[in-house]
Every structure is written in structure tokens, then in C-alpha cells.
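Asker: Right, I'll just put the structure down here and ask away after.
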Amino acid sequence: MSKNKEILIIENPERIDALVNKKRSLPSDYIPGDLVVVNTLHKVHNDEAKMLRKEAADALEELFNDAKTHGYEFWATSGYRSYDRQVSIFTNYSKEHGEEQANRFSARPGQSEHQTGLTMDVSLASLDYKLTEDLGETVEGKWLADNGHKHGFIIRYQKGTEPITGYKYEPWHIRY
């Protein structure tokens, strides 16, 4: 890893266990080499957001199929995000909410787990596909929190962990 303005640049981002956060950044030119379109229900705004790395995509399909056998139907809303896409997202949130507030719920470019291709935001039709803390209070959201690990996924930003992660509670953000 190389040091850049107090931020460590991850030198081997292809590792499944690469830790990306506010102190460990991906290179701006990093694009996962094995991105595929996930074969699940989608409610996304652009084609790249339908993608994950192959291993994570297969696991997400299994997770969604398992959920369906229990009567739950999740929708994929945002998967892979390029560095440039994250620049746009973070810039827009900063203009709308101020940079400090935006940094509580949106990653700076290079610091987004979405760029790894190992993260998917999920929602429900009953929530109008919104990314809301309400997901964690639904039967489906509780099932996801209790069962996602069986398919390799965790709720990355759990309630009460903001002092550790730097991000508010996001029951929709699952990381492989």
C-alpha cells in the first residue's frame, strides 16, 4: 500500500477481502476484471449498477433465491460504481447537504465499497425501492440481517457502528 494524504491506497484491490473505507482507498483507475450482470430483480438507474464481481454475483443470486423460498423478494438497486460515478454522486450530495454531512452517508471517490464490485444495495417493492433505515425494521430486512452471512454477505454499516465505520446505519448495504 502507498500513502497518499493520510489515505492508504490499496495495492491489490482484486482480493475479495480488500478493506475499503475512509482510510483505505482504491486506485482511481481500478475496475474489477470479472464484473458480470447479476441475474436478479433490478431497480437501478444505470447498467453498471446491475453488475458485481462474478463470485459475489453468484452468491447474491443464491441469497435472493433463498429469500424467495421464505416468501421474501429483494430487489437490487445499486451494485458496482466506477470511481467517476462516485465523484458525481459525492459531489452532488456535498452540494445538497454540505461535505461534512454527505461524508456520513456517501463515500468519497475511491473509498466506496461499490467500486470493489462486492457490494449491492437492496430494497423492497413495499418500500418503493427506496434505500431507507425502515428496511431494517421489516420482516424481510430482519431475515436479511440474520441470513445474509449464509451466502457470504453482511450488513456492512450496522446500527450503532458509526463511530467505527464513519457511516450511518444502512441496512440495505450488503457486502460480500
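Asker: Return only the number of the condition from (1) within 30 Å of Ser94 (Cβ to Cβ); (2) touching a residue at least 24 places away in the same chain (Cβ under 8 Å) that Lys130 does not satisfy.
Answerer: For Lys130, the failing item is (2).
Asker: Of the residues Pro13, Pro27, which single one is part of a loop (DSSP other than H, G, I, E, B), at pLDDT 95 or above and either touching a Lys or Arg at 6+ places or on another chain (Cβ under 8 Å) or surrounded by fewer than 17 Cβ atoms within 10 Å (Cβ to Cβ) (or both)? Please lay out each step first, then the result.
Answerer: Working: Pro13 fails: either touching a Lys or Arg at 6+ places or on another chain (Cβ under 8 Å) or surrounded by fewer than 17 Cβ atoms within 10 Å (Cβ to Cβ) (or both).
Pro27 is the lone residue from the list that is part of a loop (DSSP other than H, G, I, E, B), at pLDDT 95 or above and either touching a Lys or Arg at 6+ places or on another chain (Cβ under 8 Å) or surrounded by fewer than 17 Cβ atoms within 10 Å (Cβ to Cβ) (or both).
Asker: For region 137-146, enumerate the residues that are open to solvent by 20 Å² or more (accessible area, probe 1.4 Å) and not in a loop (DSSP other than H, G, I, E, B). Lay out the reasoning, then the answer.
Answerer: The initial filter retains those residues of region 137-146 that are open to solvent by 20 Å² or more (accessible area, probe 1.4 Å), namely 137-140, 142-143, 145-146.
Glu137, Val139, Glu140, Lys142, Trp143, Ala145, Asp146 - these are the residues of region 137-146 that are open to solvent by 20 Å² or more (accessible area, probe 1.4 Å) and not in a loop (DSSP other than H, G, I, E, B).
Asker: Continuing with this model, one more query. Examine region 149-167 for a residue that is within 17 Å of Tyr72 (Cβ to Cβ), open to solvent by 50 Å² or more (accessible area, probe 1.4 Å) and assigned to a helix (DSSP H, G or I), and state whether such a residue exists.
Answerer: Initial filter on region 149-167 (within 17 Å of Tyr72 (Cβ to Cβ)): 149-151, 153, 155.
Then keep just the ones that are open to solvent by 50 Å² or more (accessible area, probe 1.4 Å); that gives 149-150.
With assigned to a helix (DSSP H, G or I) added as a condition, the list becomes 149-150.
Yes, the conditions are met somewhere in region 149-167.
Asker: Can I ask one more? Across region 94-127, which residue is most open to solvent (accessible area, probe 1.4 Å) among those that are touching a residue at least 24 places away in the same chain (Cβ under 8 Å) and part of a helix (DSSP H, G or I)?
Answerer: Arg104
Asker: While we're looking at this one, here's another question. Is there a residue in region 71-79 that is over 16 Å from Trp172 (Cα atoms) and out of contact with any Gly (no Cβ under 6 Å at 6 or more places or on another chain)? Please lay out each step first, then the result.
Answerer: Initial filter on region 71-79 (over 16 Å from Trp172 (Cα atoms)): 71.
Those left that are additionally out of contact with any Gly (no Cβ under 6 Å at 6 or more places or on another chain): 71.
Yes, there is a match, as at least one residue in region 71-79 is over 16 Å from Trp172 (Cα atoms) and out of contact with any Gly (no Cβ under 6 Å at 6 or more places or on another chain).
The values are calculated or read from the model by the stated rules, or taken from the named source; none is laboratory data. Because the structure is predicted, anything quoted here is derived from the model rather than measured. Neighbour counts run over all protein chains shown; Cβ positions are idealised from the backbone, glycine included. Keep in mind that these areas ignore ligands, DNA and RNA; they rest on the heavy atoms of the full protein, side chains included. Shrake-Rupley method; radii C 1.70, N 1.55, O 1.52, S 1.80 Å.
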